[in-house]
Amino acid sequence: MSTARVYPAPETNVEHQAYWDAAAQGQLLVKHCAACGLNHFYPRAICPHCFSDETGWRESRGLGTVYSFSVMRRVAQPYAIAYVTLDEGVTVMSNIVDCDFDTLVIGQRVKVAFLPSDGSVVIPVFVPA
Ligand SMILES: [Zn+2]
């Protein structure tokens, strides 16, 4: 499948700038709450589980399972959007790249990879593990 597709740069802001900075270094971060012990995604300053502000960053191992996906075929360069549930327990919306989209299945293992976008931001995507 085509990997030539250029992915649009997401908007960034101060609340999750560290996430994008880490992605540029090849690291996937998730937010962890010291008050309730749960991880969350997308990154927020206030924990969505208990509303504590004792949130900090943890590095994900970058391994997960496809929860759901959709392949966009009616475009010049088909692409796959997916929800991936990381082993750290949070679900991330991203793209799956570098694979035959006809072989994608829910529940399959994937690992993170990093792609440049059309802006200055590097985006975490997933490939079959
Ligand atoms: Zn919490």
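A few remarks follow.
- Prolate/oblate/rounded call for segment 89-129, Cα gyration tensor, a/c under 1.5 rounded: oblate
- Within segment 45-129, the trypsin sites (Lys or Arg not before Pro) that combine a DSSP coil assignment with at most 16 other C-beta atoms in a 10 angstrom radius are R61, R73, R74.
- On a per residue basis, segment 38-119 carries 57 Å² of accessible surface, using protein heavy atoms and a 1.4 Å probe.
- Length-normalised contact order for segment 83-129 - Cα pairs under 8 Å, 6+ apart - percent: 36 percent
- For the chain, a Gaussian network of Cα nodes joined below 10 Å ranks S94, S60, S52 by mean-square fluctuation, and the top entry is S52.
- Here the accessible area is traced with a 1.4 Å probe on the protein chains. For the chain, carbon and sulfur cover 52 percent of it.
- Of V75, V66, V112, the one that fluctuates the most in a GNM where the chain has Cα springs shorter than 10 Å: V75
- Where GluC sites (Glu not before Pro) in DSSP loops with at most 14 other Cβ within 10 Å are excluded, longest remaining stretch of the chain: 55-129
- In terms of its C-alpha gyration tensor, segment 1-95 comes out prolate, because a/c is 1.5 or above and the ratio a/b outweighs b/c.
- Projecting the Cα atoms of H40, Y79, Y19 onto the charge dipole of the chain, computed from C-beta unit charges around the Cα centre, puts Y79 farthest toward the positive end.
- For segment 58-129: rounded, prolate or oblate by the Cα gyration tensor [a/c cutoff 1.5]: oblate
The values are calculated or read from the model by the stated rules, or taken from the named source; none is laboratory data. Predicted, not measured: the structure shown is a model, and the values here were computed from it. Every residue, glycine among them, receives a Cβ derived from its backbone with ideal geometry; neighbour counts consider all protein chains shown. Quick note on the areas: whole protein, heavy atoms, side chains included, nothing else; ligands and nucleic acids left out. Shrake-Rupley method; radii C 1.70, N 1.55, O 1.52, S 1.80 Å.
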